[in-house]
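Reading through the structure tokens given below for one structure.
The values are calculated or read from the model by the stated rules, or taken from the named source; none is laboratory data. Since the model is a prediction, treat every value here as computed from it, not as a measurement. A quick note on method: Cβ atoms are made from the backbone with ideal geometry, for glycine too, and the neighbour counts reach across all protein chains shown. Ligands, DNA and RNA are excluded from the accessible area calculation, which covers all protein heavy atoms including side chains. Shrake-Rupley method; radii C 1.70, N 1.55, O 1.52, S 1.80 Å.
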Amino acid sequence: MKKSKTMELKKPVRVSLSRQVLTAMESMIRSGKWKVGDRIPAEAELARAFSVSHNTIREALQSLIHMGMLEARPGDGTYVMASDRFAVAVSNRLKESELPQILEARLALEKEIARLAAVKRTEEDLKELESALKDCHARVRPGIEDDMLFHAAVARATHNPVLAELYNVVIRHVQENLEGLLQEKQYDAGAMKLHDDLLDAIRQREADTAENIIVKIVEFDTVSIGGQFSA
């Protein structure tokens, strides 16, 4: 009589408390409960919320800071810097790239985003775009934030989360490094006319027109920062 083979079972790996808290925090960032730019709760508040010690919270925070998803600002607090590890990796790559390469990548990305937004946009997307463009005209927020938010809304209108996330990383990099050069001309009459035309093309589902307008917008930005760029 043959002996039955014993099934080989792997011993379950116990996950530390700090790792569990890290995973939970990362999920909150990815889900948007903690958005990029937000200041997260203080250590004491987090310790109470997760029912763990301050040391456990500190370990989890340090891991996320090391990943680049969070940034500790002494005397101010801890802020969300990236929505996930993918965003961190792309952001780090952009920091190693030359400006012309970044502008080329932005143009290629925005051309496809404009086309897809014109094809896939919904009535809800149009309402969001109209609201964002209204803020651009009124210059509600400092710097080029309103312009950024309008283009991010166009990216969301593609209903492709990968494109939208990739675009957010690229445009954040542009904002952080070029805002001072762009903000003086970003909202002049010529720039705003192009944005009005882009919204109209998306509203009319004219993909080719939307793509052509995006080329002009990126060229306008490039002239504003004194660069040489051919689309």
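A few notes on this one:
- The residues neighbouring ALA60, those whose beta-carbon lies less than 12 Å from its own, together hold a net charge of -1 under the Lys/Arg +1, Asp/Glu -1 convention.
- Summary of packing: across the peptides 72-78, 145-151, 195-201, the per-residue average of other C-beta atoms within 10 Å ranks them, highest first, as 145-151, 195-201, 72-78.
- Using θ = phi - 60° in the Karplus curve 6.51 cos²θ - 1.76 cosθ + 1.60, the 3J(HN,Hα) couplings for segment 33-41 round to 5, 10, 8, 4, x, 6, 8, 7, x Hz; x is entered for Gly and Pro.
- Cα-only Debye scattering, segment 85-222: base-10 log of I(q)/I(0) at q = 0.18, 0.19, 0.21 Å⁻¹: -1.01, -1.13, -1.38
- Computed with a 1.4 Å probe over protein heavy atoms only, the accessible surface of segment 1-160 comes to 63 Å² per residue.
- Where the Cα pairs of segment 1-152 fall when distances are cut into 5 Å bins, in %: 2, 7, 11, 13, 15, 13, 11, 9, 7, 4, 2, 2, 1, 1, 1, 0, 0, 0
- Phi angles of segment 69-81 translate, via the Karplus equation with coefficients 6.51, -1.76, 1.60 and θ = phi - 60°, into HN-Hα couplings of 7, 10, 9, 8, 10, x, x, 10, x, 10, 10, 7, 10 Hz per residue; Gly and Pro are given as x.
- Phi angles across segment 187-196 convert, under the Karplus curve 6.51 cos²θ - 1.76 cosθ + 1.60 with θ = phi - 60°, into 3J(HN,Hα) values of 10, 6, 4, x, 5, 5, 4, 4, 5, 4 Hz, Gly and Pro given as x.
- Projected-area mean, segment 114-153, by convex hull of Cα positions, square nanometres: 2.7
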